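Chemist: After the structure tokens below, expect a handful of questions from me.
The values are calculated or read from the model by the stated rules, or taken from the named source; none is laboratory data. In this text, all values refer to a predicted model and were calculated from it rather than measured experimentally. Note: ideal-geometry Cβ built from the backbone for every residue, glycine included; neighbour counts use all protein chains shown.
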């Protein structure tokens with residue numbers, strides 16, 4: 001089963017995280033990690049892939065542990081590509 005979503009989902013998650021961090025005290029804000037992308041977790045043997053359809057198509061593959069990272073990239077922020085997953089992930093979280 002494939003799953004599709006807009007890269008805008010990742011940007012919304014990062015913006016929500018940044019808003020929460022902005023309400024923290026100075027030291028907490030300075031110590032808080034910055035969002036790095038979207039972390040998808042699949043069954044380890046699933047060989048899951050994410051196809052990013054922007055100006056060019058890029059295919060990202062999960063590692064042997066089933067973890068796939070879709071990075072925050074400036075060119076993708078502008079293009080807002082469609083992301084197509086080869087499988088439904090077990091978990092989807094903001095990568096910090």
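Chemist: If you go through segment 28-43, how many residues are out of contact with any strand residue (DSSP E or B) (no Cβ under 8 Å at 6 or more places or on another chain) and part of a strand (DSSP E or B)?
Modeler: Adding up the residues that qualify gives 0.
Chemist: So for segment 6-23 (the condition being assigned to a strand (DSSP E or B), at pLDDT 95 or above and within 15 Å of the chain's Cα centre (by Cα)), does at least one residue qualify?
Modeler: Yes.
Chemist: Right, something else. Restricting to segment 23-36, name every residue that is loosely packed, with under 14 Cβ neighbours inside 10 Å and in contact (Cβ under 8 Å) with a residue 60 or more places away in the chain.
Modeler: Result: 33, 34.
Chemist: Another question about this same structure. When you go through 47, 77, 73, 53 one by one, which is the residue that is farther than 18 Å from residue 13 by Cα and either surrounded by 14 or more Cβ atoms within 10 Å (Cβ to Cβ) or within 14 Å of the chain's Cα centre (by Cα) (or both)?
Modeler: 53
Chemist: Hey, another quick one. Among the candidates 83, 20, 67, single out the residue that is surrounded by 14 or more Cβ atoms within 10 Å (Cβ to Cβ) and more than 15 Å from residue 5 (Cα to Cα).
Modeler: Going through 83, 20, 67 in turn, just one is surrounded by 14 or more Cβ atoms within 10 Å (Cβ to Cβ) and more than 15 Å from residue 5 (Cα to Cα): 67.
Chemist: On to the next question. Where residues in segment 56-96 are assigned to a helix (DSSP H, G or I) and either touching a residue at least 60 places away in the same chain (Cβ under 8 Å) or in contact with a helix residue (DSSP H, G or I) (Cβ under 7 Å, 6 or more places away or on another chain) (or both), which of them is farthest from residue 44 (Cα to Cα)?
Modeler: Looking at residues that are assigned to a helix (DSSP H, G or I) and either touching a residue at least 60 places away in the same chain (Cβ under 8 Å) or in contact with a helix residue (DSSP H, G or I) (Cβ under 7 Å, 6 or more places away or on another chain) (or both), I get 79.
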